[in-house]
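Peer 1: The structure follows.
The values are calculated or read from the model by the stated rules, or taken from the named source; none is laboratory data. Predicted model only: the values in this text are computed from it and were never measured. FYI the Cβ positions are ideal-geometry reconstructions off the backbone, even for glycines, and counts take in every protein chain you see. Side chains included, ligands, DNA and RNA excluded: accessible areas come from the protein's heavy atoms. Shrake-Rupley method; radii C 1.70, N 1.55, O 1.52, S 1.80 Å.
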Amino acid sequence: MRDFGAIDLSLFGLPAEAPVYDGLSDGRRWSEPDDAETAVSMFLDIKAEAPADPLDEMQEMLAAMTKELRERFQRFQSQRQAAEDEAEAAEDEAGRKLAQVDAKAAIEAISLIVRTLEKIDSLYRTIMHDRREAAERAGEGADYEALAADFERLVEERAEERANAKFKEMQQACGAGGDVAGSAGKAAAAGDGENGP
């Protein structure tokens, strides 16, 4: 049986003694913090203030890939041009064929890079579409309330317009035929007189 205590752990980049965790090792003590945030920061290792947006991370990754592919594209273009020049300048058949093979390989690499860039562009468009949808979903509640307020305002305006129109109609009827209430009362009295003894 092996004696694992005899193994030199420093060979593996590990400390020889087991580390002891002490959350108060930086000198702060329980009684020192004045507020809860300081007390929490003493014991919790807060990595980030807010969780990172996966769409932002994806967009950063795509931007880095695009930059690298652009550099490789330029490199392969120069290799293709050099191979074509070498094929034209070659004096023997073997050298010319070797240069043509190099040019063909560079062209295939360029076409692969172009297809990859097209896929990256498609992913960019998908990310932008997802962001637009998320913004629309976030604004739906506010939009609904704004639409409801506009609808109520329009209903009130329309009701007021109709009430004013009816009032003007009544005023015109009263102006042409006298007092509407008085006219109606006289008509009722005349009707009673006709039906009376």
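Peer 1: Can you pull the accessible area of Lys119 for me, 1.4 Å probe, Å² to the nearest 10?
Peer 2: Around 140 Å² of this residue is reachable by solvent.
Peer 1: Would you calculate the separation in nanometres between label points at Thr126 and Gln59, each defined as 7 Å from the Cα along the Cα-to-beta-carbon direction?
Peer 2: Reported label-point gap for Thr126 and Gln59 is 1.7 nm.
Peer 1: Let me ask another. Suppose the chain between Glu86 and Thr116 were pulled fully straight at 0.36 nm per residue; how much longer would it get relative to their current alpha carbon spacing? Intermediate values should be presented prior to the final figure.
Peer 2: Values: separation 30, 0.36 × 30 = 10.80 nm, distance 2.84 nm.
Stretched fully, the Glu86-Thr116 segment lengthens by 8.0 nm.
Peer 1: Which value, in Å² rounded to 10, gives the accessible area of Glu93 with a 1.4 Å probe and all protein chains present?
Peer 2: For Glu93, solvent-accessible area is about 90 Å².
Peer 1: Still on this structure: How much accessible surface area, in Å² rounded to 10, belongs to the heavy atoms of Val114 with a 1.4 Å probe?
Peer 2: Counting only protein heavy atoms, the figure is 60 Å².
Peer 1: Could you sort Phe73, Phe167 by their accessible area in this structure, using a 1.4 Å probe and putting the largest first?
Peer 2: Values: Phe73 50, Phe167 120 Å².
These residues rank, largest area first, as Phe167, Phe73.
Peer 1: Per residue, how much accessible area does the stretch 80-167 have with a 1.4 Å probe, in Å²?
Peer 2: 80 Å²
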